[in-house]
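Okay, structure first, notes after.
The values are calculated or read from the model by the stated rules, or taken from the named source; none is laboratory data. Keep in mind it's a predicted model, so treat the numbers as computed, not measured. Note: ideal-geometry Cβ built from the backbone for every residue, glycine included; neighbour counts use all protein chains shown. The protein model used for the area step is the full one, side chains on, heavy atoms only, and it has no ligands, DNA or RNA in it. Shrake-Rupley method; radii C 1.70, N 1.55, O 1.52, S 1.80 Å.
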Amino acid sequence: QVLLIFAKEDNQSDGFWWACDRAGYKCNIARTPESALECFLDKHQEIIVIDHRNSRYFDAEDICRSIRATKPSEHTVILAVVPCTSADQEETSVLPLLNAGFDRRFTENSSITACYNELIQIEHGEVRSQFKLRACNAVFTALDHCQEAIEITSEDHVIQYVNPAFERMMGYHKGELIGKELTELPKSVKKHADLSDTINTFIKKGKEWQGVYYTSRKSGDSIQQHVKIMPVIGQGGKIRHFVSLKRLRCTNENNKQLCKSHHDKKYAGENSQSESHSFKCKNRRKDSIDVKSITSQSSDAPSLQTRRYSSMARIHSMTIEAPITKVINIINAAQENSPITVAEALDRVLEILRTTELYSPQLGTKDEDPHTSDLVGGLMTDGLRRLSGNEYVFSKNMNLSHSHLSVPNTINDVPPCIAQLLDNEESWDFNIFELEAVTNKRPLVYLGLKVFGRFGISEFLNCSEATLRAWLQLIEANYHSSNSYHNSTHAADVLHATAFFLGKERVKGSLDHLDEVAALIAATIHDVDHPGRTNSFLCNAGSELAVLYNDTAVLESHHTALAFQLTAKDSKCNIFKNLDRNHYRTLRQAIIDMVLATEMTKHFEHVNKFVNSINKPMASEETSSHSEGSDCECTANIKNFPDNQTLIKRMMIKCADVANPCRPLELCIEWAGRISEEYFAQTDEEKRQGLPVVMPVFDRNTCSIPKSQISFIDYFITDMFDAWDAFAHLPVLMQHLANNYKHWKTLDELKCKSLRLPSENNN
């Protein structure tokens, strides 16, 4: 808000008025000192412009002083408008203006643009700085009421602030500490000298340090504290302050007494507040009885405290204890009698265990690859949650007919050219694009009939081949052929990869027939009705689906929900209609779980769980057993644990979903071009709609596809397929992956814009 103080309207006051209008600022005009002060005390404007050109109407400096004398003006910027000086006049000093309370001087200029520029500069400079200063009061209020002891020192370790919790813990008054160097305070005899050197080494490098150490209270008692010291980087990238957070470790007798003292003081404060609140409640509602007033008046504090302690004891003795809680409790117990160095290391372990993203690696900030960063941001987050007026809604594709090619009545009625291609469908090098071409972009129905027939899906579901055929037609019709990547060809490719994996001996031996059926159905439906846009895009655009699924696994939830809705809608297509309730529920849950596993935000969680629960135990069993039947024993053990079967199914569909880098080079190149085109189209649309661009490197004018493929393989593919290969034994895939990676690396080194090397283009 802006306040203009001009005795009379003229070109200069009009210039500032229209400048405020252009900038979108609320503007008030005052003509007299009295009305100016009254208006300011009512509105608390951030910027005040005072006419200092003529003292005939009022004294501008007196007005400025009277405003500065008020409390709200502490964070206000005051501008003086001064007359122009002629070329032969000497420039006047700004000191009188500064002494009167002005912040800036503006030489008379009635141009709206000049006034606008001045106001904009003030907003982006002084006003924003004042906003930060205004927030400091709230920050210090929070610090004063924080239960953790907080100490702020300068870069030279001179104490500049301590909060009340620190005073209570250390037994000092604030006045005894402010301005003192830390070296002036008494040291605990239990503190190791080398620990101080370790701490200083960390914090002087700008690194955070945390751990446990002994310190001395004013009374001379040694107490043990959990301490976290954080350097604060200021102007010029230099360390300007150190912030220390401290809390007691209640292990020795002194600490326990001090903890009890803290608890009593805290409790006393709560109790007095409770009594005060009860009294107010009684006065407001004389005819009613207030529960808090009964609690505070009819029972003494110790009994209430006893009840509170007993409640906490019951909570700690509950049997519904999560595994992670047990781990944390074991570590806490181990800390009690551990050396300081071990206790510090365990503190760090506990901090990591208490985070929510246990399985997500953290990218570095300095040498971070923008391609990797964008892929992670685009695939592993649900967008920036920015509110937008733009809504992305895509139409349902339920009755699309991709071509006039007739669908076979049975698998034996397939046209010869298609049947000949499908003879090779059990090979990993099967060319899905050739099938796409000969089926006029309807590969899913034909491949589905062949694969489902091979695995006996109709027999398991107790449905006719006609029902299965109608269902495959329905699902394929709901894939968007206009998408360059997420279309029915991708679904057919994932189905093919899933069937290939199910044929591997160890996978086959680890899963039941129901698991195989669930996996093939999940692969078929896993991207149905995909709009060709990522979850991040839908969340940022405020799409109907993002709202429906609360910005969480939006597309994956939609794929499964729509697939089951379509299936149940028409009896002719309902492949589940003859299953009994229990079989259907088990199958449905397995399908949903597998499709949701393709959502990338939990990628590393799934991979790490597979490695820790499947790979490592299996490796240890294989090394300890040299008998020929050891592999059978491993798979038998997996079958005994349904959770392990779930991890295998998740890993299988995840690998099938992103197996493009493990395909033969020509197929890999085609898929890379298709996914890049889809991301380019999303970036184009984000720019058109004014949405956040979630993957900026996927700009069709500047993107390096080889770099994006290298980043994707490095960050997502290599570790996952190493783990899957260790279980399923896939030498052909791993050889393709190595060859394809070498191809992308060569293109990147040559800075080729093409997806093929010049020699490959000639061929």
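The residue that is farthest from the chain's Cα centre (by Cα), counting only those in the stretch 531-561 that are under 15 Å from Leu596 (Cβ atoms), touching a residue at least 40 places away in the same chain (Cβ under 8 Å) and open to solvent by less than 10 Å² (accessible area, probe 1.4 Å), is Leu555.
All of (1) out of contact with any Phe, Trp or Tyr (no Cβ under 9 Å at 6 or more places or on another chain); (2) over 26 Å from Phe131 (Cα atoms); (3) touching a residue at least 60 places away in the same chain (Cβ under 8 Å) hold for Ser55 with one exception: (3). State whether the residues of the stretch 676-692 include one that is in contact (Cβ under 8 Å) with a residue 24 or more places away in the chain, surrounded by 21 or more Cβ atoms within 10 Å (Cβ to Cβ) and not in a helix (DSSP H, G or I). Among the residues of the stretch 676-692, at least one is in contact (Cβ under 8 Å) with a residue 24 or more places away in the chain, surrounded by 21 or more Cβ atoms within 10 Å (Cβ to Cβ) and not in a helix (DSSP H, G or I), which makes the answer yes. The set of residues in the stretch 190-249 being surrounded by 12 or more Cβ atoms within 10 Å (Cβ to Cβ), more than 17 Å from Ile152 (Cα to Cα) and charged (D, E, K, R) consists of Lys190, Lys191, Arg217, Lys218, Asp221, Arg249.
May I ask you to list the residues in the stretch 151-176 that are in a strand (DSSP E or B) and over 15 Å from Leu248 (Cα atoms)? Matches in the stretch 151-176: Ile152, Thr153, Ser154, Val158, Ile159, Gln160, Tyr161, Val162. Scanning the stretch 520-529 turns up one or more residues that are over 17 Å from Leu447 (Cβ atoms) and modelled with pLDDT of 95 or more.
Listed here are the residues, each with its yes/no results for (1) touching a Lys or Arg at 6+ places or on another chain (Cβ under 8 Å); (2) closer than 23 Å to Gln147 by Cα; (3) without any contact (Cβ under 8 Å) to a residue 24 or more places away in the chain.
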site	(1), (2), (3)
Arg168	yes, yes, no
Tyr172	yes, yes, no
Gly175	no, yes, yes
Asp221	no, yes, no
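For the stretch 489-541, a residue qualifies if it is in contact with a Phe, Trp or Tyr (Cβ under 6 Å, 6 or more places away or on another chain), closer than 19 Å to Phe721 by Cβ and among the aliphatic types (A, V, I, L, M), and exactly one does: Val507. Against the test of being in contact with a Pro (Cβ under 8 Å, 6 or more places away or on another chain) and among the β-branched types (Val, Ile, Thr), the options Ile203, Ile112 yield a single qualifying residue, Ile203. Within the stretch 415-444, the set of residues being under 26 Å from Leu730 (Cβ atoms), open to solvent by 70 Å² or more (accessible area, probe 1.4 Å) and either part of a helix (DSSP H, G or I) or polar (S, T, N, Q) (or both) comprises Asn424, Glu434.
For the stretch 518-526, the criterion of being part of a helix (DSSP H, G or I) and open to solvent by 10 Å² or more (accessible area, probe 1.4 Å) is satisfied by no residue at all.
Looking across the stretch 696-718, just one residue is surrounded by fewer than 16 Cβ atoms within 10 Å (Cβ to Cβ) and in contact (Cβ under 8 Å) with a residue 40 or more places away in the chain, and that is Asp714. Looking at Tyr741, is it in contact (Cβ under 8 Å) with a residue 24 or more places away in the chain, out of contact with any Phe, Trp or Tyr (no Cβ under 8 Å at 6 or more places or on another chain) and surrounded by 20 or more Cβ atoms within 10 Å (Cβ to Cβ)? It is false that Tyr741 is in contact (Cβ under 8 Å) with a residue 24 or more places away in the chain, out of contact with any Phe, Trp or Tyr (no Cβ under 8 Å at 6 or more places or on another chain) and surrounded by 20 or more Cβ atoms within 10 Å (Cβ to Cβ). Say we look at the stretch 178-189 and pick out the residues that are assigned to a helix (DSSP H, G or I) and either closer than 22 Å to Lys238 by Cα or touching a residue at least 24 places away in the same chain (Cβ under 8 Å) (or both); which of these is least open to solvent (accessible area, probe 1.4 Å)? Across the stretch 178-189, the extreme among qualifying residues is Leu182. Quick one: would you say Ile669 is of a type in the set (A, V, I, L, M), within 25 Å of Ser482 (Cα to Cα), part of a helix (DSSP H, G or I) and open to solvent by less than 30 Å² (accessible area, probe 1.4 Å)? Spelling it out, Ile669 is indeed of a type in the set (A, V, I, L, M), within 25 Å of Ser482 (Cα to Cα), part of a helix (DSSP H, G or I) and open to solvent by less than 30 Å² (accessible area, probe 1.4 Å). Please identify the pairs in which a residue from the stretch 111-139 that is more than 19 Å from Leu3 (Cβ to Cβ) has its Cβ atom under 7 Å from the Cβ atom of a residue that is open to solvent by less than 90 Å² (accessible area, probe 1.4 Å), counting only partners at least 6 apart or on another chain. Hits for this filter: Ser111/Gly15; Leu133/His75.
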